[in-house]
Amino acid sequence: MKRNSCAVIVSFLCSFMGAVHAEPPVASYIFPAGGQRGKTVDFKVGGLFLSKSCAFEMLGAGLHASPRLRRTDTVWFEGPFIPLPDSQQAEDYPKDLAGQVRIEKDAPLGIRYWRLWNAQGATPAMKFMVGDLPEIVEQEIDGNAVPVEVSLPVTINGRIFPREDVDVWSFRARKGQSITAEVFAGRLGSPLDSRLEVFDPHGRKIGENDDSLETDSRLRFIAAEDGNYQVRIQDAGFRGGQAYVYRLTLTADPYVERIYPLGGRRGSSARFELTGQGLPNDPVQTQLQATPSENFWHRFSASGKLTNPVLLDLDDLPEYLETEPNDRPEQARLLSLPAIANGRIDKSGDVDYWAFQARKSQSVEIDLRARRLGSPLAGMLTVFDGKGKTLANSEAVDSAADPFLRFTAPADGNYFVRVEERFHGRGGATFAYRLRLGQLGEPDFRVRPASDVLAVNRGSESKLKVLVERMGSFAGPVSLTVEGLPKGVTAATTTIPAQQTAADISFRADATALLRGSRLTIRGSAVIGGRSTTHVATLATARGSPELDSVLLVVTVPTPFKVVGDFDMRWAPRGTVYHRRYRIERGGYEGALEVRLADRQMRHLQGVSGPEIIVPPGGNTFEFAVSLPPWMETGRTARACVVAEGTITDFDGSKHMVSFTSVAQNEQIIAVVEPGRLDIEAGRASFLATPGKTLTIPVHVTRGKSLGGPVKVELVLPAHLRSLVADPIVVPANQENGSLSIHFPAHLPGPFNAPVVLRATIMERGEPVVAGTNVDIQPGP
């Protein structure tokens, strides 16, 4: 019996392997975006096409995360009204899946990576941050900003959601106390372009910052008096959304904003100038690690406390510090190669010259390290001979790159390299750099996969590009091997030819490969100087974080079925239910389908909602109904897309969901919105809530033509005010007026930062016709 069942599964799965449609998962955010060492953190991952569960991993020492995430309630705030034409833009509606991670007490600080996958694909690695301060997670509520009190030091995990949201954090400070506020958002992959503002106990703005650290904000202020201060955070462009997560650290402890130099010689003692909060005025002597890593996170000690982690660069070459003035070649400090030169472009228009000697045909590699170490310097390098002739130059080509050049001396003599800022008007103490001048390195290479994830459809082939970075004089071929392949998946033997920089590895999954993820190790091997050299392929990551040394390969299956329809666009009053019929092309799949509004929409839904329905096994048609909210903009064309999800059973008995979203115009739910057929008005726009009392709100309903019958009036409350009690009323068919009573407890809930809604409903042929109006309620005496 078991054998026959397996044969049926094999036949079914193979029957639609020729299909080409799939909806790979998309990861939009993790919230909170980090956690404290020694704690267990509950988190939510939001994304598209994740179905009800997906596989998950968080990489790095000291982290133990849930191997699977499961669907949970998604927090959603509609936010401010979006008028035409902005409402016609595409919009994503990520759904939340829940998980948990335990962070060990000695887990290394800094950025880690996570990724997830299902039967239709995998998401590239995204960031999670490990810290050591006490942490809180914002308890999100709808409505206007309400100050939330916190105690310092603290790292706050929040998000700017919905659009135009502002978060306000309040804390006590003493006169003369220095406070630092720093945001991690853009550096974690969040779309938030943060803006910080600080207000004193009298509500006066005393500080603000935008884009201090790339798109992240940081500011420091000194409290002029004892009292409660506020830090407000928002998006600089007044945007917001579920993915606009942030980590905001507030502290009065010692805090390093910048250091100089940016690193030192591996295993040696070095002196650093520290700038920031609560730090010594004189340089501090520090013993650098002898680790083989190129950089590491170091915490200085000040006033008996450890500072925030600071990234230090390590090398094995002799170190030099610039001595001003060095703005002209004759003022340049002579370096004995190889060497590391440490300097700063400390004002607008500043240039630094360094001198070195080279023999004819000697090759020198010149590498400027700035952006990769957190410096804002967009560097430019120029090499001159003793007569001032330009021989070579290089500049940063993008916002994250540093310039590099390889220079070959045309003759014996003295040469000069000039360091400068690419953009006019920029410079300052933060514009530090490390200039590495070395002989042509030993022949070697580094192997880099173009991506850390790869999906291979069962019965098909996919390719992964692998790049080689050649060092020194190495130009030979590099053989690539793959370890960790699951059963049923093969990888073609691949070699990156001599002088070439990349090659594709072809992966093929046969008809028996299971739908699961496998972590692969790719190795590159070459013969250098008669000896075999092998390196593991690694993906470059954020500065100071471990490199990714694995590729996640996922065996996938396309979606066999499709949701199809004929073009259908009609007028529909707002506040009503709108129906749309669909057909299903099953493609060999005969199981049940779950249909709901899709995660990815071609236009902003603006409150359009819909149910989850089940299409039974074998069913080929269905009808989907959406509710148009009573406040929709008339004259706009609403477009909604549905997703159908089906469950397939793999050879090993595991179950997987595949999906199809109706993005084509013929499959969209299209309605041109016209005025509603029902209206409701309150006696006043605002009322006072008195503890222990009952508030009576007069209401007036207006029925449109051909609309008759009794009207139910009820109170719709934000989640944080649902402890209020209001019994619904019914306005009889022959009347237009009524009164709704709200009963307030002795201790009022709150905050009253969002309006409540009076919703009127009349039933017509078994379906609701709805109207609504906002009422503002504020706590009374």
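Here are some notes:
- Extending 7 Å from Cα along the Cβ direction at residue 442 and again at residue 696 yields two label points whose distance is 9.2 nm.
- Straight-line cross-link reach from residue 205 at under 26 Å between alpha-carbon atoms covers these lysines, not counting any fewer than eight positions away in the same chain: 175.
- Accessible-area ranking of 471, 58, largest first, probe 1.4 Å: 471, 58
- Estimated FRET transfer efficiency when R0 is 56 angstrom, pair residue 614-residue 204 (beta carbons, to 0.05): 0.45
- Averaging the Cα positions of each part gives two centres, and for the range 262-311 and the range 330-384 these lie 23 Å apart.
- Over 26 Å (Cα to Cα) - which of 105/305; 463/487; 105/487; 52/105; 127/347; 39/305 fall in this group: 105/487; 52/105; 127/347
- The lysines within cross-link reach of residue 360, meaning a Cα-to-Cα straight distance under 18 Å and a gap of 8 or more places when in the same chain, are 387, 389.
- A 1.4 Å probe run over the chain, with the rest of the protein chains in place, finds 44 Å² accessible per residue.
- In the range 110-237, the inverse of the mean reciprocal separation of distinct Cα atoms equals 16.0 Å; this is its Kirkwood hydrodynamic radius.
- Taking a straight Cα-Cα cut-off under 17 Å and skipping sequence neighbours fewer than 8 places away in the same chain, the aspartates and glutamates within cross-link reach of residue 705 are 674, 679, 736, 764, 767.
- Rounded to 10°, Cα long-axis angle of helix 2-15 versus longest principal axis of the chain: 80 degrees
- Per residue, the chain reaches -500 deg cm²/dmol at 222 nm when only DSSP H runs of four or more residues are counted, each adding -39500 (n - 2.57).
- Taking the protein heavy atoms of the chain in the context of the full set of protein chains, the accessible area attributed to carbon and sulfur is 50 percent at 1.4 Å.
- Computed over the chain: relative contact order in percent, which uses C-alpha pairs under 8 Å that are six or more apart: 10 percent
- ³J(HN,Hα), Karplus 6.51/-1.76/1.60, whole Hz, each residue of the range 51-60, x for Gly, Pro: 6, 8, 6, 7, 6, 8, 8, 10, 8, x
- Annotation for the range 188-243 versus the range 738-781: alpha-carbon center distance of 34 Å.
- FRET efficiency estimate (nearest 0.05) - Cβ-Cβ, residue 42 to residue 88, R0 30 angstrom: 0.20
- Computed from label points 7 Å out along Cα-Cβ, the spacing between residue 746 and residue 510 is 7.6 nm.
- Förster-model FRET efficiency, 22 Å R0, residue 774 and residue 168, C-beta, rounded to 0.05: 0.45
- Whole-Hz Karplus values for the range 167-177 come out as 9, 10, 10, 10, 7, 8, 9, 9, 4, x, 6 Hz, taken residue by residue from phi with 6.51 cos²θ - 1.76 cosθ + 1.60 and θ = phi - 60°; glycine and proline positions read x.
- For residue 431, nonlocal amide neighbours, meaning residues 5 or more places apart or on other chains whose placed amide H falls under 5 Å from its own, are 345.
- Integer Hz, Karplus 6.51/-1.76/1.60 couplings in order for the range 366-377, x for Gly and Pro: 10, 10, 8, 10, 9, 4, 5, 10, x, 6, x, 4
- The amide H of residue 725, built 1.01 Å from its N in the peptide plane, has 743 as neighbours under 5 Å, considering only residues 5 or more places off or on other chains.
The values are calculated or read from the model by the stated rules, or taken from the named source; none is laboratory data. Keep in mind that what you see is a predicted model, and the values were worked out from it rather than measured. Here the Cβ is made from the backbone with ideal geometry for all residues, glycine too, and neighbour counts use every protein chain on show. What goes into the accessible areas is simple: the full protein's heavy atoms, side chains included, and nothing from ligands, DNA or RNA. Shrake-Rupley method; radii C 1.70, N 1.55, O 1.52, S 1.80 Å.
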